[in-house]
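The next block holds one structure in the form of structure tokens; read it before the comments.
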């Protein structure tokens, strides 16, 4: 994945509706636009706009079948995010484990 | 990212614990998960001003994080900002970390608060979205 678009990926995901759509695509796999409109509780045009933002940021890809559009998550895009940062809880918990070891060794 | 609070008790004095979480020599001993090295750093949290660290894992991946120490009250607390950088050194969304130290009968307790910055809804959503997608990613990508 092009790293210049990593910031774009983050900003694309920084929206409740878009994140919900991506999570749904991650869980259920490829879906037609119609299925996303049905359950999202927001209008068709708004869905289209969100899908475009996600597509331009490289988070999802679009496949056409006749007049139908199908959307799926681009795993390499998400993997780039996952590789880029470390979960904060994991960071501090594992750090505190090491701090505990360090201080315990001192007081022995 | 939903706000995180971690608490841990240690059998040392508040002063020793404060030094362990603010002095660079000590921080480098425990900063981050096992297996990560910190080859580049300015990790003195004992005075206000900028800090950063570059962590490298066994596969050679780099993780850079930076911020500013914004408040310091020895041996009770230190506060600093926090943001990851991407591969082109662009700084991501900023969050805030506070270490608080509470004296106890035997030893001292450390409280780590890692919070999204700002109370406007957009910032909150941003951080929450980030955290929840990362949690989800971890389970899906493995």
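Read-outs throughout are calculated quantities, based only on the coordinates presented, and are distinct from any laboratory measurement. The model shown is predicted, which means the values in this text are computed figures rather than measured ones. Cβ atoms come from the backbone with ideal geometry, glycine included; neighbour counts cover every protein chain shown.
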Per-residue average of other protein chain Cβ atoms inside 10 Å, peptide A:59-65 -> 0
Note on the range B:1-78: contact order normalised by length, alpha-carbon pairs under 8 Å, 6 or more apart, percent, works out to 25 percent
Relative contact order as a percentage, chain A, C-alpha pairs under 8 Å and 6+ apart, gives 28 percent
If each part is reduced to its alpha-carbon centroid, the range B:23-59 and the range B:81-96 end up apart, in Å, by 15 Å
To the nearest 10 degrees, the tilt of helix A:16-28 (Cα long axis) against the first principal axis of the alpha carbons of chain A is 90 degrees
